[in-house]
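Heads up, the thing below is written out as C-alpha cells.
The values are calculated or read from the model by the stated rules, or taken from the named source; none is laboratory data. Owing to the predicted nature of the structure, the values given are computational and were not obtained by experimental measurement. Note: ideal-geometry Cβ built from the backbone for every residue, glycine included; neighbour counts use all protein chains shown.
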Amino acid sequence: MSMTYISKKHDYAATLDEKEQPKDQKSASVESLLVRTTKLTTVTIKLYRIMVFVRMAIFVLFFKWRISTALAMISDGATTVRAMWTMPIAGELWFALMWVLDQLPKMQPVRRTVFATALEEPLLPTMDVFVTTADPEKEPPLVTVNTILSILAADYPPDKLTCYVSDDGGALLTREAVAHAARFARLWVPFCRKHGVEPRNPEAYFCPGVKARVVSRAAYMGRSWPELARDRRRVRREYEELRLRIDALHAGDVRRQPWSRGTPEYHAGVVEVLVGPPGSTPELGVSDLLDLTSVDVRVPAVVYMCREKRHGRVHHRKAGAMNALLRTSAVLSNAPFILNLDCDHYVSNSQALRAGVCLMLDRGGSNVAFVQFPQRFDGVDPADRYANHNRVFFDCTELGLDGLQGPIYVGTGCMFRRAALYNADPPLWRPHGGDRDAGKDVATEADKFGISTPFLVSVRAALNLNRSEQWNTTSPPRSFDGAAVGEATALVSCGYEDRTAWGRDIGWIYGTVTEDVATGFCMHRRGWRSAYCATAPDAFRGTAPINLTDRLHQVLRWAAGSLEIFFSRNNALLAGARLHPLQRLAYLNTTVYPFTSIFLLLYCLLPAIPLVTRSASTSAFSVNTPPSATYIGFVAALMLTLAMVAALEVRWSGITLGEWWRNEQFWMVSATSAYAAAVVQVALKVAAGKEIAFKLTSKQRAPSAGGGVVKRQVRGAVRREMDGADGSDGGGADGERGVHGSSGTRGTVEERPRGGARDGVQRVGGGASPPVRPWSHGPLEQDVEPPALARRSVHSSITMFCPPFAYALIWLLFG
C-alpha cells in the first residue's frame, strides 16, 4: 500500500469521480469537488532529485578518500594527532548525515487545491476551537480578545462552532477581557457578515499600520458603499471603547487581584459559559448602531475554562491545558473536529475552517488525523533578521512531507480529528470484523480515560462516529446546562488524570516541552496521515519574537524538547511498521538536530588549537604543503552541487533566495548558541533528573520612545476621524475613499478638506506622507529597525558566535 502521493487522476470529490458521472451531471460533480491533490512533476523537481543523489554519491567518494588519507597520516602519529584527525572527520560525517536526513523527506512534494465553498452548509460538521493563554503580562489580553473575535466571525455556521478559551494563569484580567470580547462580538460578528470584511480581526482590520485586505468600491457587493463607510466608522468607535476598557483593566487593580478561589498558582477549576449556543435557525437582529434587519445576528458559543492547580502537582504546561480542554469540550459540545490556536494567532481568512474540513471529509480523508496550516506572522521587520517566518520549513519541508504521511504538527494553526486524539486506529489499519465491539471496550476502559461516566459516553459517541463508513451530517447532541458544566468542572481537576493514559497514549503527549511534535508523531506512528493546507490569503497570522533574546529562548525550547523526545519512548527509531520510512527519517532529523552544535563548535575551534598550543604533536597536524588536486576537486564538486540543490529547492518551493539565505544565517546563530545550551540542559535531565525550565514566549510589542505623547495625540486624531468632520455618514465619493480604497498597496495618511474629511484615516494608494500607526501600543504594531541595521545585526550575531572562515567552509561543503 502506497501513501506517498496522490496523482491528478485521483481528484477528491464529495460524490463520484467525474469520469463516473453522466454527461448531464458533469457540472454538478465539478461543483462538489473539494480537494485536488497534485504531485509535483516539473523539470525543476526532477533535476532537484537528481542533484541530491549526485551529491550523496560525491559524499561517498569524498569520505572514502578522506578516511583513507587520514589513516595514512596518523598511522605513525601520536594520540593527539589521531584525535586532531578524528574530530574533523566525525564532524564532517555528522554534517553530511544531517544534510541527507533533511533532503530525503522532501523528494516527493505535493500541492493541494481546496475548494472551500464547494461544501454546502448543511454538510459542515460541528467544530470546537481551542484558544490557550497562560500569562496576561507576556500575552496581553487584547491579543487574546482579537483572536476570539476573529474565530467568532469566521465563515462557519454559528450553531456548529464553539470557542473554548483556556486561561492557564487563572488571571481575573483575562476572564474579564474575554467577557468584554463576548459582548462586543454581538456587534462585530453581524458587521462582518453584512459586509464580508477581511480580515475579521478588529485590530488588523482597523489599524493602518497592518496590511489589511479591504474591499474596494468596484468590488463591493453590498447594498451601498456609503452604508459600509458609516457602519465601519460606528463599529470602529465601539472597538476603540473596548480597547480603552481592556487597557483600564490592565492598568488598574484587576491585574493584581487573584481569583476568589485562590492564587494563580493555587486555585480551583472553573468552567463558565459566557455565550450560550445559538439556535439552528437564522435570527435577524435589530440594533441602534447598524441596520441588521437582513443579517443573521447569531454568535457562536464561548466557554471560559481555568483548570485546577495545586502545589506539589505536575500540571504539564500547555499539554495539560489542551487535555483539559479536550475533556471539557467532550461533555459540552463533543464536536468531531478541533482547531487548536495560540492566543496570538487569529483567523486571517474566514474560509480557513471550511478549508480544513474539506481535507477531512474528502475521499481518503478519513485517514487524516490533523490538518496543519502554515504559520505566518505580523510585525516582522522587512529583513526578517531572526528568521521568524521560517519559510524553508513551512514552504519546503512541510510541503515535501505532505507527499509522505503528512506534515509535522507545529503547535498552532492545526485542525484535529477528535477520535485520533483518543488513540483510535485509522480506517486503513483497522481490523475487519468485531470493530464495533472493540471500540466499545476501549471507550469504557476507565483506567485509560478516567472514571467520568458522561465523558466515557462522549468518547464512545466520538469513536462510533469516526468508525461510520459514511459521514453523518447530524450534529452530536450539545448540552450546556448546569449538570454538564458541573461535570466539565470536575474533569479539569488536577487529580483526574492520575493512573490513566492521559499524556501517554491519549490526548496531547507529556514529558517534553515540545508536546506538539510528540503528539503528531504518536498519530503518525499509529498509521494516521496528516495534510498540509496553505491558503491564499493566509489562514492564520500571529506575532513573532521581537528581539534576539526571546527568539533564542524560543529556539532553545524547541531544541530541548526535540532532544527530550529522542531520549523517550517516542523515539522515531522505535516506531513500528506503520510509520513511512522517509517519515521516520524526518522525525529522526527533527529530534537529533541539536547535536549538530557539538560538532560545529569543535569544527570551529579546531583550526585554532595548533596556533594556541604550539606543541610538537599539534604542529605535526599542520601541513605546510598546498592542498592536493583531489581535495580541490572534491571541494569544487561539493560547492557546485550544494549551490545547484539550493537554487532548485528555492525554485520548486516558491521561496525567495533571500529567505533561504536568512534561514541559513540564523541556523548558524542558533547552532552555536541555543542548540548547545539545549544539549547541556537535556544532558543534566538525563543524568541528574533536572527538569528543563519553561519560558513562555512574549507576545509584547517593541517599546517605543515617547509612546505616551504619541498615543494621546493619535487617540485624538482617531476620535476626530470616527466622529467625522461634517457629521455625514458616507459623505460622497471622495469621503469614503479614505475608509476603504483599493487593496494591495501600503496605506499612507493624508488630510483632506473636502466632504467627509478625516484626520488620521488611512488612504490606500496615494499621498506622500509617511505611514502613521494610530494605536502604537497594539499587539500587531512593532517598531522595527531599518533593513541595513537589521542586516548589520545579523552579521554581528554570526561573527560573534562563529569564525567567518569556519562558517563559510561548513556551509559550502555540507550545507
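Among (1) among the small types (G, A, S); (2) at pLDDT 90 or above; (3) assigned to a loop (DSSP other than H, G, I, E, B), which single condition is G486 missing?
(3) is the only condition that G486 fails.
Please state which one of Y205, Y220, Y164 is crowded, with 21+ Cβ neighbours inside 10 Å, aromatic (F, W, Y) and at pLDDT below 95.
Unique residue meeting the criteria: Y205.
Which of the residues that make up segment 363-382 are out of contact with any His (no Cβ under 7 Å at 6 or more places or on another chain), under 17 Å from D342 (Cα atoms) and of a type in the set (A, V, I, L, M, F, W, C)?
F370, V371, F373
Of all residues in segment 335-348, which are out of contact with any Phe, Trp or Tyr (no Cβ under 8 Å at 6 or more places or on another chain) and either buried (at least 24 other Cβ atoms within 10 Å of the Cβ) or of a type in the set (A, V, I, L, M, F, W, C) (or both)?
Of everything in segment 335-348, those that are out of contact with any Phe, Trp or Tyr (no Cβ under 8 Å at 6 or more places or on another chain) and either buried (at least 24 other Cβ atoms within 10 Å of the Cβ) or of a type in the set (A, V, I, L, M, F, W, C) (or both) turn out to be A335, D342, C343, D344.
Is it the case, given these coordinates, that V100 is in contact with a helix residue (DSSP H, G or I) (Cβ under 7 Å, 6 or more places away or on another chain), within 24 Å of V271 (Cβ to Cβ) and not hydroxyl-bearing (S, T, Y)?
No: the conditions fail for V100.
Are any residues in segment 262-309 at pLDDT 90 or above, in contact with a Gly (Cβ under 9 Å, 6 or more places away or on another chain) and small (G, A, S), and if so, which ones?
Listed by number, the list holds a single entry, A301.
Which numbered condition in (1) under 27 Å from G403 (Cα atoms); (2) modelled with pLDDT of 90 or more is the only one that R363 fails?
Going through (1) under 27 Å from G403 (Cα atoms); (2) modelled with pLDDT of 90 or more one by one, R363 breaks only (2).
Can you say whether R385 is under 19 Å from the mean Cα position of the chain (by Cα), modelled with pLDDT under 95 and either farther than 30 Å from R49 by Cβ or not acidic (D, E) (or both), as far as the supplied structure shows?
No: the conditions fail for R385.
For W508, state whether it is buried (at least 19 other Cβ atoms within 10 Å of the Cβ), out of contact with any strand residue (DSSP E or B) (no Cβ under 7 Å at 6 or more places or on another chain) and not in a helix (DSSP H, G or I).
In short, yes.
Within the bounds of segment 561-571, is there any residue that is surrounded by fewer than 21 Cβ atoms within 10 Å (Cβ to Cβ), assigned to a helix (DSSP H, G or I) and free of Cβ contacts under 8 Å to residues at least 12 places away in the same chain?
Within segment 561-571, not a single residue is surrounded by fewer than 21 Cβ atoms within 10 Å (Cβ to Cβ), assigned to a helix (DSSP H, G or I) and free of Cβ contacts under 8 Å to residues at least 12 places away in the same chain.
Filter segment 572-604 down to residues that are without any contact (Cβ under 8 Å) to a residue 60 or more places away in the chain and either part of a loop (DSSP other than H, G, I, E, B) or touching an Asp or Glu at 6+ places or on another chain (Cβ under 6 Å) (or both) and give me whichever is nearest to G403 (Cα to Cα).
A577
Please give the number of the condition Y603 fails out of (1) modelled with pLDDT of 85 or more; (2) more than 30 Å from L428 (Cβ to Cβ).
Exception for Y603: condition (1).
Select from segment 95-138 the residues that are among the acidic types (D, E) and modelled with pLDDT under 90 and write down the one among them that is surrounded by the most Cβ atoms within 10 Å (Cβ to Cβ).
In this case the residue turns out to be D135.
Take segment 415-429 and flag every residue that is assigned to a helix (DSSP H, G or I) and crowded, with 20+ Cβ neighbours inside 10 Å.
R418, A419, A420, L421
(1) under 30 Å from M305 (Cβ atoms); (2) in a helix (DSSP H, G or I); (3) not polar (S, T, N, Q): which one isn't true of A90, the others all being true?
Among (1) under 30 Å from M305 (Cβ atoms); (2) in a helix (DSSP H, G or I); (3) not polar (S, T, N, Q), the lone unmet condition for A90 is (1).
Taking segment 39-70, which residues are surrounded by fewer than 12 Cβ atoms within 10 Å (Cβ to Cβ) and farther than 30 Å from L648 by Cβ?
Within segment 39-70, S68 is the sole residue that qualifies.
With the requirement that a residue be on the phi < 0 side of the Ramachandran plot and surrounded by fewer than 16 Cβ atoms within 10 Å (Cβ to Cβ), what does segment 652-663 give you?
T656, L657, G658, W661, listed by residue number.
With respect to A575, determine if the residue is at pLDDT below 95, of a type in the set (G, A, S), surrounded by fewer than 22 Cβ atoms within 10 Å (Cβ to Cβ) and under 22 Å from L97 (Cα atoms).
The answer is yes for A575.
Scan segment 400-414 and tell me whether some residue there is crowded, with 24+ Cβ neighbours inside 10 Å and out of contact with any helix residue (DSSP H, G or I) (no Cβ under 9 Å at 6 or more places or on another chain).
yes
Looking at (1) at pLDDT 90 or above; (2) touching a helix residue (DSSP H, G or I) at 6+ places or on another chain (Cβ under 6 Å); (3) basic (K, R); (4) surrounded by fewer than 22 Cβ atoms within 10 Å (Cβ to Cβ), which is the only condition R186 fails?
Looking at each condition in turn, R186 falls short on (2).
Within the group L556, L582, L588, L552, which residue is surrounded by fewer than 22 Cβ atoms within 10 Å (Cβ to Cβ), over 21 Å from A424 (Cα atoms) and not assigned by TED's automatic domain parsing to the domain that holds V680?
Residue meeting the stated conditions: L552.
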